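What follows draws every value from the coordinates through simple rules; no lab data is involved. As the structure is a computational prediction, the values presented were derived from the model and not from experiment. Cβ atoms come from the backbone with ideal geometry, glycine included; neighbour counts cover every protein chain shown.
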Amino acid sequence: METREQILAYLEEVYDPEVPVLSVVDLGIVRKVEIDGVGTHITITPTYTGCPAMNDIEDDIRSKLKEKGVDHYDIKTILSPAWTTDWISEAGKKKLQDYGIAPPEKSSPDLSLIGNHKKTIKCPRCHSTDTEMKSFFGSTACKSLYVCNNCKEPFDYFKCI
Amino acid sequence: MSNSSAANKALFDYLLWLGDNSLVLGHRLSEWCGHGPVLEEDIAMTNIALDLIGQARLYLSLAGDIEGKGRSEDELAYLRDVMFFKNTLLVEQVNGDFASTMMRQFLFTVFNYHLQNAMLTSTNEQLRSIAEKAIKETTYHLRHCSDWVIRLGDGTEESHKRLQDAVDTLWMFTGDLFETLDSDKELIAAKIVPDLKGIRDKWIATVKEVLSEATITIPEESYMMKGGRKGIHTEHLGFLLAELQFMQRAYPGAKW
């Protein structure tokens, strides 16, 4: 029987299909790994309710465990506590940055409905803070679209939720 | 609750209403895919559509569990006829121009935002979990459509006129947002769902705040069309479902 650490190490090899530099552990999608007499119990949580990658992620976890010869396990999806970008590990944030996606800022979104609620986001390429939001909603549900006024490159920002 | 099967039926009906609201509006927004006025907005509307369809899945799969007849979220979405859809009339209205889509989005999202916020304290754990998840997305939706309402309303003469026309046309469907069924009373008493009277007060306050910033005039109280939760819909929903359900009707059980 594998140890919890071994299972976690296997899960480190399962990558998010839309952000292929981050593992499901980096992303904070894996909430719990428990091992008892019956087998391994893995609990995962979606980033966004409509995230089309969730089914793929679960399938990828199954394939990985099969590849590693883990037979007795179950995967449970929970909604609460709701996933937040604060759960992305520091290593994960660094990987995002290197991949060209500005990592999320700490904490929850600004809830004011009217007025200027733009945050200062650093360009992942030239690190300038002279950037501008083009759209809240970017190439996937979890990202916003920004452009850097310094290097003129557009980039994705992993938005806070 | 005294009668558990009646209570289950009440919750089932309520969940269908929530799920159908999200499903139908999500489908409407998806119709903009490839037709948005600018690329960013095309992406934004389809992103929001995706969130709404995700929320619909959560509500409808829970509805299926509560009903206990083995109906899945897919069966509820694809194999139910129009008179069994409970969605509020506002969300089934056609897209019209961009101002009209944004106004519909705004009027509904303010409602959804306050409703989901109230459900954060539901005594039903599953409903509370869904609200906790969904409210984060809905907050982004609300900011997005509020921004557009202000930009269009307080924009050019043309954009102002179009947005004012939109609210004048859509206002008659907003009364239906707050329609309740007799069976809701038990759910409210058990603090599973909030009383919509309180939601209405919050809704009108937010709508007034944003529309006044947008220099848009709220229409005077007049005839309100109602009936969504009882399955009495406007003519648009049938056409929408004909498209949404086509594949599963033509090829039942088809899988990707």
20 Å tail of the calculated P(r), region B:79-145, as % of Cα pairs: 43 percent
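Output the antiparallel fraction of DSSP beta bridges having both residues in chain A, as a percent to the nearest 5. Please list the in-between numbers first.
Working: 15 of 22 bridges.
Close to 70 percent.
With r as the distance between the Cβ atoms of B:Asp154 and B:Asn95 and R0 = 25 Å, compute the FRET efficiency 1/(1 + (r/R0)^6) and round to 0.05. Don't skip to the end; give the middle numbers.
Details: r = 22 Å, r/R0 = 0.90.
Efficiency, rounded to the nearest 0.05: 0.65.
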Nitroxide proxy distance, nm - points 7 Å out along Cα→Cβ at A:Arg125 and A:Val147: 1.3 nm
Backbone N within region B:193-226 under 20 Å of label point (7 Å from B:Thr121 Cα along the Cβ vector): B:193-206
In sequence order, calculated HN-Hα J values of region B:122-135 (Karplus, 6.51, -1.76, 1.60; Hz; x Gly/Pro): 4, 7, 8, 4, 5, 5, 5, 5, 4, 4, 4, 6, 6, 4
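So how many Å³ per residue does the convex hull of the Cα atoms of the protein assembly as shown work out to?
Working: hull volume 64.3 nm³, N = 417.
Here the figure is 154 Å³ per residue.
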Centroid-to-centroid separation of region B:163-183 and region B:59-96 [C-alpha atoms, Å]: 20 Å
Percentage relative contact order, chain B, counting C-alpha pairs under 8 Å, at least six apart: 25 percent
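At a temperature of 25 °C and a viscosity of 0.890 mPa s, determine how fast region B:3-49 diffuses translationally according to Stokes-Einstein, using the Kirkwood radius over alpha-carbon pairs as Rh; express D in µm²/s, rounded to the nearest whole number.
On the way: Rh = 12.3 Å.
The diffusion coefficient I find is 200 µm²/s.
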Relative contact order of chain A, defined on C-alpha pairs under 8 angstrom at six or more residues apart (%): 19 percent
Hull-based mean projected area of chain A, where the convex hull spans the alpha carbons, in square nanometres: 9.9 nm²
Rounded, prolate or oblate (a/c below 1.5 giving rounded, otherwise prolate when a/b exceeds b/c) for region B:163-227 by Cα gyration tensor: oblate
DSSP beta bridges in the protein assembly as shown [antiparallel fraction, %, rounded to 5]: 70 percent
Overall dimensions of chain B by Cα: Rg and Dmax, Å: 17.8, 58
